[in-house]
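The values are calculated or read from the model by the stated rules, or taken from the named source; none is laboratory data. Just so it is clear, the model here is predicted, and its values are computed rather than measured. All Cβ positions, even for glycine, are placed from backbone atoms using ideal geometry, and neighbour counts span all protein chains on display.
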Amino acid sequence: MLYHQPKLTEYNMKQSFLLFLFLTICISFTSETAEAQFKEYTGSGDDILVIEKPDEDMPALLVINGNRGSNHFSVTSFDASRDRIDLLVNTTEPYSGIVAVDLPVGTNTKMLEISASGSWAINVYPIGAAHKISTDNPKSDSGDNILWIEGDASIATISGNSNSSHFSVTAYDGSGRRNGLLVNTTDRYNGKVMIPKGTLLLQVTASGNWSVKLQ
């Protein structure tokens, strides 16, 4: 999509650089580096983590596991000023899922607040390690996840939420900006939705099985 030429301010220069850097990282990941774990954090009970990301100015993936005892379990992100960014996980069920921090772009997570009564583990990966999906490679899984679209796709056939919990699928473009809420329901879902132009990532929020097929 073409835009009018903005006034070249310091802010616009920074935003343009971040977009270029994000796209460069997206293109340059090899299968080896994309799957490489960056950091691992483990613990038990309530805790505050000061975390590192592969790149401070980019989103990152968190693979989170915990709450085997089915108590309350939550993970909340904060910036360096201790301002809350996002409630990443909030459940009373055993949790195993993949979430993104700093997506959409514009924030920089520095700390995670863990509320738990048992053991937990959080592994940090670069955003390029997201599971790949394409018209030839549908994806079926369970729980929260981030999907990376390879190639061109215009329609997604989505099913899930058989347990009638909250289920949503959100699109993000190549600059890390929100590009549309494709599904948002507490009912069982099975349907086709349009994928907005420029979509690179799909954020799945779920507590049960789901599937996404592109065409």
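Among L200, L182, which is the only one that is over 30 Å from V50 (Cα atoms), buried (at least 20 other Cβ atoms within 10 Å of the Cβ) and not charged (D, E, K, R)?
Matching residue, one of L200, L182: L182.
Name every residue in region 168-192 that is part of a strand (DSSP E or B) and either at pLDDT below 95 or acidic (D, E) (or both), in order of residue number.
Answer for region 168-192, where residues must be part of a strand (DSSP E or B) and either at pLDDT below 95 or acidic (D, E) (or both): just D173.
Across region 178-199, which residue is nearest to M58 (Cα to Cα) among those that are hydrophobic (A, V, I, L, M, F, W, C) and touching a residue at least 40 places away in the same chain (Cβ under 8 Å)?
Ranking the candidates gives I195 first.
From the residues in region 45-86 that are of a type in the set (K, R) and not in a strand (DSSP E or B), which one is farthest from S119 (Cα to Cα)?
Checked region 45-86; the qualifying residue farthest from S119 (Cα to Cα) is R82.
Checking the structure you have, find out if any residue of region 124-138 is over 26 Å from F38 (Cα atoms), crowded, with 21+ Cβ neighbours inside 10 Å and within 16 Å of the chain's Cα centre (by Cα).
No, that holds for no residue.
So which of S77, S117, S134 is in contact with an Asp or Glu (Cβ under 6 Å, 6 or more places away or on another chain), more than 25 Å from D187 (Cα to Cα), small (G, A, S) and in the same structural domain as F38 (by TED's automatic domain parsing)?
Within the list S77, S117, S134, the selection yields S77.
Name the strands (runs of 3 or more DSSP E) wholly inside region 87-167 in which the number of residues that are within 26 Å of D55 (Cα to Cα), modelled with pLDDT of 95 or more and out of contact with any His (no Cβ under 9 Å at 6 or more places or on another chain) is 2 or more.
95-101, 111-115, 119-126, 131-133
Could you please let me know if I64 is touching a residue at least 12 places away in the same chain (Cβ under 8 Å), among the β-branched types (V, I, T) and under 15 Å from Q203 (Cβ atoms)?
yes
Of the residues S164, S154, S168, S175, which is out of contact with any helix residue (DSSP H, G or I) (no Cβ under 6 Å at 6 or more places or on another chain) and in contact (Cβ under 8 Å) with a residue 40 or more places away in the chain?
Unique residue meeting the criteria: S154.
For region 148-159, indicate whether the set of residues that are under 27 Å from D79 (Cα atoms), buried (at least 20 other Cβ atoms within 10 Å of the Cβ) and in contact with a strand residue (DSSP E or B) (Cβ under 8 Å, 6 or more places away or on another chain) is non-empty.
no
If I ask for residues that are aromatic (F, W, Y) and out of contact with any Phe, Trp or Tyr (no Cβ under 9 Å at 6 or more places or on another chain), which ones from region 168-190 would you list?
Y172, the sole residue that qualifies.
Could you run through region 77-121 and say how many residues are among the aromatic types (F, W, Y) and under 23 Å from R177 (Cβ atoms)?
Result for region 77-121: 1.
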